[in-house]
1. Among the lysines, which have Cα under 22 Å from the Cα of Lys2 when same-chain residues fewer than 8 positions away are ignored?
2. Under a GNM of the chain (C-alpha, springs under 10 Å), which listed residue has the highest mean-square fluctuation: Lys14, Lys26, Lys76?
3. By how many nm would the segment from Thr46 to Ser98 grow when fully extended, if each residue of separation counts as 0.36 nm and the alpha-carbon distance is taken off?
4. Just Val60, Val90, Val41 to compare: in a GNM of the chain, with alpha carbon springs under 10 Å, which one fluctuates most?
5. Which value results when the Cα radius of gyration for the chain is divided by 2.2 N^0.38 Å?
6. Just grab the label-to-label distance for Thr67 and Ile3, each label 7 Å out from Cα along the Cβ direction, in nm (one decimal).
Amino acid sequence: MKILNNSFTVSTNKRNELVDITDKVKKVIAESGISEGNVIVYCPHTTAAITINENADPDVVHDILLTLADLIPQNKSGYQHSEGNSDAHVKSSILGCSQTVLIDNGQMQLGTWQGIYFCEFDGPRRRTVLVQITGQ
Ligand code: ZN
């Protein structure tokens, strides 16, 4: 069994944005030579996240961001964190900092409509995504 670590960067353009990174992860897997195993996609940032959701209709991404903004307002009385980005920290924790996807026959076993998203909540910034592939 092999374990390979890799990374790539994502440049975001808005404060809140979901960036489809599926193709970047596919490229890392293809270069790894691992055809059976799993891949962990990990975000080492406290105001960003990784999620998997539909990448066919862009309205889904819009609606996810709209709902998060409603549930977790940017300015809320009672926030104490001095950086002024408490909403971004909360969104990061709710969505989580990683996703795991199974690899079979060299392909991620994503559903037909699933894509992997880097979720920016305090952009624009240049971010790092870590990828660890385990398998053979
Ligand atoms: Zn902060």
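Values in this text are rule-based calculations from the coordinates and carry no lab data. All values derive from a computational prediction rather than experimental measurement. Ideal geometry is used to build each Cβ from the backbone, glycine not excepted, and the neighbour counts take in all protein chains shown.
1. Lys24, Lys26, Lys27
2. Lys76
3. Details: separation 52, 0.36 × 52 = 18.72 nm, distance 1.18 nm.
Stretched out fully, the Thr46 to Ser98 stretch lengthens by 17.5 nm.
4. Greatest mean-square fluctuation among the candidates belongs to Val60.
5. Expressed relative to 2.2 N^0.38 Å, the Cα Rg reads 1.11.
6. Distance between label points: 3.5 nm.
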